[in-house]
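The values are calculated or read from the model by the stated rules, or taken from the named source; none is laboratory data. Computed from a predicted structure; not experimentally measured. Note that each Cβ is placed from the backbone with ideal geometry, even for glycine, and that neighbours are counted across all protein chains shown. Ligands, DNA and RNA are stripped out before the accessible areas are found, and what is left, the full protein with its side chains, is counted by its heavy atoms. Shrake-Rupley method; radii C 1.70, N 1.55, O 1.52, S 1.80 Å.
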Amino acid sequence: MRVPWTRFTPFSLSLLLLLAHLASSAVEDGLLNNGDFETTPTGGFASAAIGEGVASIPGWSINGTVELVSSGQRQGGMILIVPQGEHAARLGNDAEISQTVQFEKGSQYAITFSAARTCAQMEALNVSVGSATQTIELQTLYSVEGWDAYAWGFQAADEEARLAFRNPGMEDDPTCGPIIDSIAIKKLFTPDRSDDNEVLNWDFEEGPWMFPNTSLGILLPTNLDEETSPLPGWTVESNRAVRFIDSAHYSVPQGKRAVELLSGKEGILSQMIQTTPNKQYNLTFTLGSAGDKCQPPLAVMAFAGDQAQNFHYSPVSNATSQAANLTFTARAERTRVAFYSVYYNMRSDDHSSLCGPVLDEVRVWGLSGAAGLSSGGSKIIGLIMGLVVSWVLL
(Lines give C-alpha, C1' and ligand atoms only; values in the text may rest on other atoms or scores of the structure.)
Protein backbone atom coordinates (compact mmCIF):
# COMPACT_ATOMS: atom_id res chain seq x y z
CA MET A 1 0.00 0.00 0.00
CA ARG A 2 1.33 3.40 -0.91
CA VAL A 3 1.59 5.85 1.96
CA PRO A 4 0.85 9.50 1.01
CA TRP A 5 3.64 11.98 1.75
CA THR A 6 1.21 13.97 3.88
CA ARG A 7 1.29 11.17 6.45
CA PHE A 8 4.97 11.89 7.18
CA THR A 9 5.95 14.47 9.77
CA PRO A 10 8.95 16.76 9.18
CA PHE A 11 10.87 14.68 11.74
CA SER A 12 10.10 11.37 9.99
CA LEU A 13 11.04 12.84 6.61
CA SER A 14 14.37 14.01 8.02
CA LEU A 15 14.93 10.56 9.48
CA LEU A 16 14.21 8.87 6.15
CA LEU A 17 16.58 11.20 4.32
CA LEU A 18 19.28 10.52 6.90
CA LEU A 19 18.82 6.76 6.58
CA ALA A 20 18.98 7.00 2.80
CA HIS A 21 22.18 9.00 3.03
CA LEU A 22 23.76 6.50 5.41
CA ALA A 23 22.76 3.60 3.17
CA SER A 24 24.64 5.14 0.22
CA SER A 25 27.51 6.76 2.09
CA ALA A 26 31.20 5.91 1.72
CA VAL A 27 33.05 3.37 3.80
CA GLU A 28 33.55 4.30 7.46
CA ASP A 29 36.96 4.98 8.97
CA GLY A 30 38.68 1.90 10.34
CA LEU A 31 39.29 -1.70 9.32
CA LEU A 32 38.06 -2.72 5.88
CA ASN A 33 35.81 -5.73 5.35
CA ASN A 34 37.95 -8.62 6.65
CA GLY A 35 40.91 -6.27 6.57
CA ASP A 36 42.64 -8.39 9.22
CA PHE A 37 42.01 -11.70 7.35
CA GLU A 38 40.58 -13.27 10.50
CA THR A 39 37.16 -14.13 9.00
CA THR A 40 37.03 -17.88 8.45
CA PRO A 41 37.06 -18.82 4.73
CA THR A 42 34.91 -21.57 3.25
CA GLY A 43 36.35 -24.88 4.47
CA GLY A 44 38.15 -23.20 7.37
CA PHE A 45 41.77 -22.04 7.63
CA ALA A 46 44.45 -24.28 6.14
CA SER A 47 46.87 -26.20 8.34
CA ALA A 48 50.26 -24.79 9.23
CA ALA A 49 51.83 -26.61 6.29
CA ILE A 50 52.70 -24.51 3.25
CA GLY A 51 49.92 -24.71 0.70
CA GLU A 52 49.64 -23.67 -2.92
CA GLY A 53 47.23 -20.86 -2.25
CA VAL A 54 43.56 -20.35 -1.47
CA ALA A 55 40.53 -20.30 -3.73
CA SER A 56 38.82 -17.43 -1.89
CA ILE A 57 39.17 -15.02 1.02
CA PRO A 58 35.98 -13.53 2.52
CA GLY A 59 35.62 -9.89 1.49
CA TRP A 60 38.43 -10.07 -1.07
CA SER A 61 38.92 -11.02 -4.71
CA ILE A 62 42.17 -12.83 -5.44
CA ASN A 63 44.30 -13.27 -8.55
CA GLY A 64 47.37 -15.49 -8.62
CA THR A 65 48.98 -17.42 -5.79
CA VAL A 66 47.65 -15.99 -2.53
CA GLU A 67 48.17 -17.82 0.76
CA LEU A 68 46.58 -17.33 4.17
CA VAL A 69 49.46 -17.74 6.63
CA SER A 70 49.10 -18.41 10.34
CA SER A 71 51.01 -17.06 13.31
CA GLY A 72 54.00 -19.31 14.05
CA GLN A 73 53.91 -20.95 10.61
CA ARG A 74 57.30 -22.12 9.36
CA GLN A 75 58.84 -22.17 5.92
CA GLY A 76 62.04 -24.16 6.07
CA GLY A 77 63.99 -22.69 8.97
CA MET A 78 62.10 -19.39 8.86
CA ILE A 79 59.05 -18.42 10.91
CA LEU A 80 56.63 -16.37 8.83
CA ILE A 81 55.67 -13.02 10.32
CA VAL A 82 51.99 -12.31 11.01
CA PRO A 83 51.86 -8.62 12.02
CA GLN A 84 48.64 -8.77 14.06
CA GLY A 85 46.19 -11.45 15.12
CA GLU A 86 46.42 -15.04 13.93
CA HIS A 87 46.29 -14.73 10.14
CA ALA A 88 47.57 -12.64 7.25
CA ALA A 89 47.78 -12.90 3.44
CA ARG A 90 50.92 -13.62 1.48
CA LEU A 91 51.07 -12.57 -2.18
CA GLY A 92 53.05 -14.76 -4.59
CA ASN A 93 54.59 -13.70 -7.90
CA ASP A 94 52.39 -11.05 -9.54
CA ALA A 95 49.54 -12.03 -7.21
CA GLU A 96 46.86 -9.57 -6.17
CA ILE A 97 44.05 -9.13 -3.65
CA SER A 98 41.35 -6.50 -4.09
CA GLN A 99 37.94 -5.35 -2.94
CA THR A 100 35.49 -2.71 -4.14
CA VAL A 101 35.16 0.25 -1.80
CA GLN A 102 32.68 3.14 -1.68
CA PHE A 103 34.17 6.65 -1.51
CA GLU A 104 33.10 10.27 -1.45
CA LYS A 105 34.20 11.53 -4.84
CA GLY A 106 36.88 14.23 -4.66
CA SER A 107 37.74 13.55 -1.01
CA GLN A 108 41.18 12.63 0.25
CA TYR A 109 41.79 9.27 1.92
CA ALA A 110 44.62 7.30 3.51
CA ILE A 111 45.05 3.52 3.48
CA THR A 112 46.90 2.05 6.46
CA PHE A 113 48.30 -1.47 6.27
CA SER A 114 50.96 -3.71 7.82
CA ALA A 115 53.52 -5.54 5.71
CA ALA A 116 56.45 -7.93 6.12
CA ARG A 117 59.02 -9.50 3.80
CA THR A 118 59.53 -13.25 3.44
CA CYS A 119 62.09 -14.66 1.01
CA ALA A 120 63.67 -11.66 -0.73
CA GLN A 121 65.06 -8.38 0.55
CA MET A 122 63.85 -6.43 -2.48
CA GLU A 123 60.16 -7.24 -2.06
CA ALA A 124 57.62 -4.48 -2.70
CA LEU A 125 53.87 -3.84 -2.71
CA ASN A 126 51.94 -1.96 -5.34
CA VAL A 127 48.89 -0.21 -3.83
CA SER A 128 46.19 1.23 -6.06
CA VAL A 129 42.71 2.72 -6.01
CA GLY A 130 41.39 3.18 -9.52
CA SER A 131 44.09 4.99 -11.50
CA ALA A 132 45.92 6.22 -8.38
CA THR A 133 48.85 3.95 -7.57
CA GLN A 134 52.18 3.77 -5.74
CA THR A 135 54.79 1.05 -5.25
CA ILE A 136 56.10 0.87 -1.69
CA GLU A 137 59.51 -0.72 -1.20
CA LEU A 138 59.83 -3.12 1.73
CA GLN A 139 63.63 -3.34 1.52
CA THR A 140 64.29 -1.26 4.64
CA LEU A 141 63.03 -2.84 7.85
CA TYR A 142 62.44 -0.06 10.36
CA SER A 143 61.62 -2.22 13.39
CA VAL A 144 63.07 -5.35 14.99
CA GLU A 145 59.56 -6.85 15.05
CA GLY A 146 60.06 -7.99 11.46
CA TRP A 147 57.19 -5.92 10.04
CA ASP A 148 56.10 -2.29 9.69
CA ALA A 149 52.85 -0.37 9.29
CA TYR A 150 52.54 2.01 6.31
CA ALA A 151 50.10 4.65 5.08
CA TRP A 152 49.36 5.70 1.51
CA GLY A 153 47.23 8.68 0.49
CA PHE A 154 45.07 9.33 -2.57
CA GLN A 155 42.14 11.41 -3.81
CA ALA A 156 38.99 9.51 -4.75
CA ALA A 157 38.19 10.06 -8.43
CA ASP A 158 34.94 8.09 -8.30
CA GLU A 159 32.27 7.08 -5.80
CA GLU A 160 33.24 3.43 -6.20
CA ALA A 161 36.67 2.00 -6.98
CA ARG A 162 38.74 -1.14 -6.60
CA LEU A 163 41.38 -1.10 -3.87
CA ALA A 164 44.15 -3.53 -4.81
CA PHE A 165 47.43 -4.78 -3.38
CA ARG A 166 49.77 -6.51 -5.85
CA ASN A 167 53.17 -8.13 -5.55
CA PRO A 168 55.15 -6.89 -8.61
CA GLY A 169 58.04 -9.29 -7.89
CA MET A 170 59.03 -12.45 -9.75
CA GLU A 171 60.97 -14.84 -7.49
CA ASP A 172 62.24 -18.32 -8.33
CA ASP A 173 59.90 -19.68 -5.66
CA PRO A 174 56.40 -18.58 -6.76
CA THR A 175 55.07 -18.83 -3.18
CA CYS A 176 57.53 -16.18 -1.96
CA GLY A 177 56.27 -12.64 -1.56
CA PRO A 178 55.24 -9.96 0.92
CA ILE A 179 52.80 -10.60 3.77
CA ILE A 180 50.03 -8.05 4.25
CA ASP A 181 47.70 -7.54 7.21
CA SER A 182 45.47 -5.03 9.05
CA ILE A 183 44.16 -2.95 6.14
CA ALA A 184 42.20 0.14 7.21
CA ILE A 185 40.99 3.39 5.66
CA LYS A 186 40.44 6.94 6.86
CA LYS A 187 38.92 9.98 5.21
CA LEU A 188 41.26 12.94 5.64
CA PHE A 189 40.51 16.60 6.22
CA THR A 190 42.99 19.43 5.63
CA PRO A 191 42.78 21.88 8.54
CA ASP A 192 42.28 25.55 7.71
CA ARG A 193 45.24 27.90 7.89
CA SER A 194 45.02 30.19 10.92
CA ASP A 195 45.62 33.95 10.87
CA ASP A 196 48.79 33.66 12.97
CA ASN A 197 50.33 30.56 11.37
CA GLU A 198 51.11 29.85 7.71
CA VAL A 199 51.65 26.11 8.31
CA LEU A 200 48.85 23.67 7.51
CA ASN A 201 48.34 20.77 9.93
CA TRP A 202 50.99 22.40 12.10
CA ASP A 203 50.41 20.03 15.05
CA PHE A 204 50.11 16.84 12.93
CA GLU A 205 46.77 15.97 14.51
CA GLU A 206 45.26 15.07 11.13
CA GLY A 207 46.72 11.94 9.57
CA PRO A 208 46.16 8.28 8.66
CA TRP A 209 44.29 5.68 10.70
CA MET A 210 46.26 4.31 13.66
CA PHE A 211 45.42 0.97 15.27
CA PRO A 212 45.09 1.39 19.05
CA ASN A 213 46.86 -1.92 19.73
CA THR A 214 49.89 -1.20 17.52
CA SER A 215 52.96 0.40 19.11
CA LEU A 216 55.15 0.77 15.98
CA GLY A 217 53.61 3.97 14.67
CA ILE A 218 52.79 4.43 10.97
CA LEU A 219 55.49 4.87 8.33
CA LEU A 220 54.86 7.59 5.74
CA PRO A 221 56.82 6.66 2.59
CA THR A 222 57.92 9.01 -0.18
CA ASN A 223 55.07 11.21 -1.41
CA LEU A 224 55.83 14.31 -3.44
CA ASP A 225 52.22 15.34 -4.03
CA GLU A 226 50.87 17.43 -1.15
CA GLU A 227 47.33 17.01 -2.54
CA THR A 228 47.38 13.25 -1.87
CA SER A 229 49.67 13.02 1.14
CA PRO A 230 48.50 10.75 4.00
CA LEU A 231 49.67 13.59 6.27
CA PRO A 232 47.65 16.59 4.96
CA GLY A 233 49.76 19.62 4.10
CA TRP A 234 53.06 17.73 4.29
CA THR A 235 55.21 15.77 1.85
CA VAL A 236 57.97 13.20 2.33
CA GLU A 237 60.44 14.13 -0.37
CA SER A 238 63.24 11.58 0.12
CA ASN A 239 63.67 7.85 -0.39
CA ARG A 240 63.07 6.84 3.24
CA ALA A 241 60.01 7.15 5.42
CA VAL A 242 59.17 9.23 8.48
CA ARG A 243 57.08 7.83 11.33
CA PHE A 244 53.64 9.11 12.39
CA ILE A 245 53.34 8.50 16.15
CA ASP A 246 50.64 8.76 18.81
CA SER A 247 50.63 9.74 22.47
CA ALA A 248 49.30 6.31 23.53
CA HIS A 249 52.63 4.67 22.68
CA TYR A 250 55.18 7.51 22.45
CA SER A 251 56.09 10.77 24.13
CA VAL A 252 54.34 13.48 22.10
CA PRO A 253 55.11 17.14 22.93
CA GLN A 254 51.56 18.41 22.32
CA GLY A 255 48.21 16.82 21.53
CA LYS A 256 47.88 13.20 20.40
CA ARG A 257 50.06 13.07 17.27
CA ALA A 258 53.56 14.01 16.13
CA VAL A 259 56.24 12.91 13.63
CA GLU A 260 59.47 11.03 14.39
CA LEU A 261 62.20 11.79 11.84
CA LEU A 262 64.19 8.73 10.70
CA SER A 263 67.20 7.89 8.52
CA GLY A 264 69.03 11.22 8.51
CA LYS A 265 68.93 13.10 5.19
CA GLU A 266 67.01 10.20 3.63
CA GLY A 267 63.84 11.09 5.56
CA ILE A 268 62.85 14.70 4.79
CA LEU A 269 59.50 16.17 5.78
CA SER A 270 58.55 19.44 4.08
CA GLN A 271 55.76 21.90 3.29
CA MET A 272 55.42 24.83 0.91
CA ILE A 273 53.90 27.81 2.74
CA GLN A 274 52.54 31.15 1.52
CA THR A 275 54.85 34.11 2.15
CA THR A 276 55.36 37.72 1.11
CA PRO A 277 58.67 38.43 -0.71
CA ASN A 278 61.21 40.39 1.38
CA LYS A 279 59.15 39.95 4.53
CA GLN A 280 60.78 38.55 7.65
CA TYR A 281 59.27 35.51 9.38
CA ASN A 282 59.79 33.37 12.44
CA LEU A 283 59.81 29.58 12.18
CA THR A 284 59.31 27.85 15.52
CA PHE A 285 58.82 24.17 16.31
CA THR A 286 59.03 21.74 19.19
CA LEU A 287 61.87 19.22 19.25
CA GLY A 288 61.44 16.16 21.44
CA SER A 289 62.26 12.56 22.23
CA ALA A 290 59.73 9.81 21.50
CA GLY A 291 60.56 7.92 24.69
CA ASP A 292 61.46 4.83 22.64
CA LYS A 293 65.02 4.43 23.98
CA CYS A 294 66.52 6.18 20.96
CA GLN A 295 70.28 6.47 21.33
CA PRO A 296 71.55 10.08 21.49
CA PRO A 297 72.54 12.48 20.12
CA LEU A 298 69.25 13.66 18.66
CA ALA A 299 69.19 16.69 16.37
CA VAL A 300 67.04 18.26 13.65
CA MET A 301 68.17 20.22 10.62
CA ALA A 302 65.56 22.89 9.86
CA PHE A 303 65.21 24.78 6.55
CA ALA A 304 63.20 27.90 5.79
CA GLY A 305 63.85 29.43 2.39
CA ASP A 306 67.59 30.01 2.09
CA GLN A 307 68.16 29.67 5.86
CA ALA A 308 69.21 26.42 7.55
CA GLN A 309 70.20 25.57 11.11
CA ASN A 310 70.58 22.42 13.18
CA PHE A 311 69.10 22.13 16.64
CA HIS A 312 70.35 19.58 19.16
CA TYR A 313 67.98 18.02 21.63
CA SER A 314 69.12 19.07 25.11
CA PRO A 315 66.08 19.37 27.37
CA VAL A 316 66.19 21.07 30.75
CA SER A 317 65.58 18.95 33.85
CA ASN A 318 62.95 16.23 33.25
CA ALA A 319 61.44 17.83 30.17
CA THR A 320 60.95 15.62 27.10
CA SER A 321 60.80 18.47 24.57
CA GLN A 322 62.17 21.92 23.85
CA ALA A 323 61.33 24.91 21.65
CA ALA A 324 63.40 25.93 18.63
CA ASN A 325 63.36 29.14 16.59
CA LEU A 326 64.68 30.20 13.17
CA THR A 327 64.25 33.67 11.63
CA PHE A 328 64.28 34.00 7.84
CA THR A 329 63.42 36.45 5.07
CA ALA A 330 61.09 35.19 2.36
CA ARG A 331 62.36 35.49 -1.22
CA ALA A 332 59.17 34.44 -3.03
CA GLU A 333 55.42 34.00 -2.62
CA ARG A 334 55.95 30.38 -1.60
CA THR A 335 58.67 29.21 0.76
CA ARG A 336 59.79 25.67 1.51
CA VAL A 337 59.98 24.65 5.16
CA ALA A 338 61.72 21.31 5.71
CA PHE A 339 63.13 19.08 8.45
CA TYR A 340 65.32 16.00 8.71
CA SER A 341 67.25 14.16 11.40
CA VAL A 342 70.92 15.12 11.52
CA TYR A 343 71.95 11.61 12.66
CA TYR A 344 71.05 8.01 11.89
CA ASN A 345 69.73 6.80 15.24
CA MET A 346 68.95 3.31 16.54
CA ARG A 347 67.13 2.15 19.65
CA SER A 348 69.44 1.14 22.49
CA ASP A 349 67.37 -1.92 23.46
CA ASP A 350 67.67 -3.76 20.13
CA HIS A 351 70.25 -1.80 18.04
CA SER A 352 68.18 -2.51 14.92
CA SER A 353 65.03 -0.37 15.03
CA LEU A 354 65.36 3.05 13.40
CA CYS A 355 64.36 6.06 15.49
CA GLY A 356 65.06 9.77 15.74
CA PRO A 357 63.98 13.17 17.07
CA VAL A 358 60.30 14.09 17.34
CA LEU A 359 58.86 17.10 15.51
CA ASP A 360 55.70 18.91 16.61
CA GLU A 361 54.00 22.34 16.75
CA VAL A 362 55.49 23.88 13.59
CA ARG A 363 54.58 27.56 13.29
CA VAL A 364 55.52 30.32 10.82
CA TRP A 365 54.35 33.91 11.23
CA GLY A 366 55.40 37.27 9.85
CA LEU A 367 57.30 39.76 11.95
CA SER A 368 55.84 43.24 12.14
CA GLY A 369 57.70 46.49 11.59
CA ALA A 370 60.23 47.67 9.06
CA ALA A 371 61.79 44.19 8.72
CA GLY A 372 58.99 43.21 6.35
CA LEU A 373 59.22 46.30 4.13
CA SER A 374 60.87 46.50 0.74
CA SER A 375 63.92 48.70 0.19
CA GLY A 376 61.68 51.36 -1.36
CA GLY A 377 59.45 51.37 1.71
CA SER A 378 62.52 51.73 3.95
CA LYS A 379 63.66 54.79 1.98
CA ILE A 380 60.25 56.43 2.41
CA ILE A 381 60.34 55.87 6.17
CA GLY A 382 63.87 57.26 6.28
CA LEU A 383 62.73 60.39 4.43
CA ILE A 384 59.78 60.87 6.82
CA MET A 385 62.03 60.46 9.86
CA GLY A 386 64.44 63.03 8.43
CA LEU A 387 61.62 65.55 7.99
CA VAL A 388 60.45 64.95 11.55
CA VAL A 389 63.94 65.54 12.94
CA SER A 390 64.29 68.73 10.92
CA TRP A 391 60.95 70.02 12.24
CA VAL A 392 62.00 69.29 15.85
CA LEU A 393 65.30 71.14 15.41
CA LEU A 394 63.41 74.16 14.11
Number of the condition not met by GLU52 [criteria: (1) modelled with pLDDT of 70 or more; (2) closer than 18 Å to PRO178 by Cα; (3) surrounded by fewer than 15 Cβ atoms within 10 Å (Cβ to Cβ); (4) acidic (Asp, Glu)]: (1)
Does segment 172-181 include one or more residues that are open to solvent by 10 Å² or more (accessible area, probe 1.4 Å) and either among the hydroxyl-bearing types (Ser, Thr, Tyr) or under 21 Å from GLY217 (Cβ atoms) (or both)? yes
Condition (residue is farther than 24 Å from TYR313 by Cα, assigned to a loop (DSSP other than H, G, I, E, B) and open to solvent by 10 Å² or more (accessible area, probe 1.4 Å)) applied to segment 245-261: is it met by at least one residue? no
Counted residues, segment 99-122 - those being farther than 23 Å from SER229 by Cα and in contact with a Leu (Cβ under 9 Å, 6 or more places away or on another chain): 4
Would you confirm whether any residue within segment 102-115 is of a type in the set (Phe, Trp, Tyr) and at pLDDT below 80? no
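Residues are listed down the side, and each one gets a yes or a no for (1) under 25 Å from ASP172 (Cβ atoms); (2) small (Gly, Ala, Ser); (3) at pLDDT 95 or above:
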{"site": "SER12", "(1), (2), (3)": "no, yes, no"}
{"site": "GLU28", "(1), (2), (3)": "no, no, no"}
{"site": "GLY59", "(1), (2), (3)": "no, yes, yes"}
{"site": "GLU96", "(1), (2), (3)": "yes, no, yes"}
Counted residues in segment 193-215 being of a type outside the set (D, E, K, R), surrounded by fewer than 15 Cβ atoms within 10 Å (Cβ to Cβ) and more than 29 Å from GLY30 (Cβ to Cβ) come to 1
Checked pairs for segment 313-335, first farther than 21 Å from GLU260 by Cβ and acidic (Asp, Glu), second open to solvent by 40 Å² or more (accessible area, probe 1.4 Å) and in a loop (DSSP other than H, G, I, E, B), C-beta under 7 Å and 6 or more apart or across chains, list as GLU333/PRO277
Anything in segment 69-118 that is more than 20 Å from PHE37 (Cα to Cα) and open to solvent by less than 20 Å² (accessible area, probe 1.4 Å)? List them, or say none. PHE103, SER107, TYR109
Quick check: anything in segment 246-260 among the hydroxyl-bearing types (Ser, Thr, Tyr), over 27 Å from GLU333 (Cβ atoms) and free of Cβ contacts under 8 Å to residues at least 60 places away in the same chain? yes
Would you check if LEU231 is hydrophobic (A, V, I, L, M, F, W, C), open to solvent by 10 Å² or more (accessible area, probe 1.4 Å) and within 25 Å of SER194 (Cα to Cα)? no
Can you tell me how many residues in segment 262-274 are open to solvent by less than 10 Å² (accessible area, probe 1.4 Å) and out of contact with any Asp or Glu (no Cβ under 6 Å at 6 or more places or on another chain)? 6
Residue that is among the hydrophobic types (A, V, I, L, M, F, W, C) and either open to solvent by 50 Å² or more (accessible area, probe 1.4 Å) or on the phi > 0 side of the Ramachandran plot (or both), where the choices are ALA304, ALA299, ALA319, ALA308: ALA308
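Residues of segment 119-151 being hydroxyl-bearing (Ser, Thr, Tyr), open to solvent by less than 40 Å² (accessible area, probe 1.4 Å) and touching a strand residue (DSSP E or B) at 6+ places or on another chain (Cβ under 6 Å), which ones?
Initial filter on segment 119-151 (hydroxyl-bearing (Ser, Thr, Tyr)): 128, 131, 133, 135, 140, 142-143, 150.
Adding the requirement that they be open to solvent by less than 40 Å² (accessible area, probe 1.4 Å) leaves 128, 140, 142-143, 150.
Selection gives SER128, TYR142, TYR150.
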Per-region count, segment 216-228, residues open to solvent by 10 Å² or more (accessible area, probe 1.4 Å) and not in a loop (DSSP other than H, G, I, E, B): 1
Can you run down the residue pairs with Cβ atoms below 9 Å, 6 or more apart or on separate chains, where the first is in segment 63-75 and at positive phi and the partner is assigned to a strand (DSSP E or B) and modelled with pLDDT under 90? GLY72/ILE79
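Within segment 276-312, restricting attention to residues that are part of a loop (DSSP other than H, G, I, E, B) and within 23 Å of ASN197 (Cβ to Cβ), which residue is nearest to the chain's Cα centre (by Cα)?
Applying the first criterion (part of a loop (DSSP other than H, G, I, E, B)) to segment 276-312 yields 276-279, 289-293, 295-298, 305-306.
Okay, now just the ones that are also within 23 Å of ASN197 (Cβ to Cβ), so 276-279, 305-306.
Details: THR276: 29, PRO277: 31, ASN278: 33, LYS279: 32, GLY305: 24, ASP306: 27 Å.
Applying the filter and picking the extreme gives GLY305.
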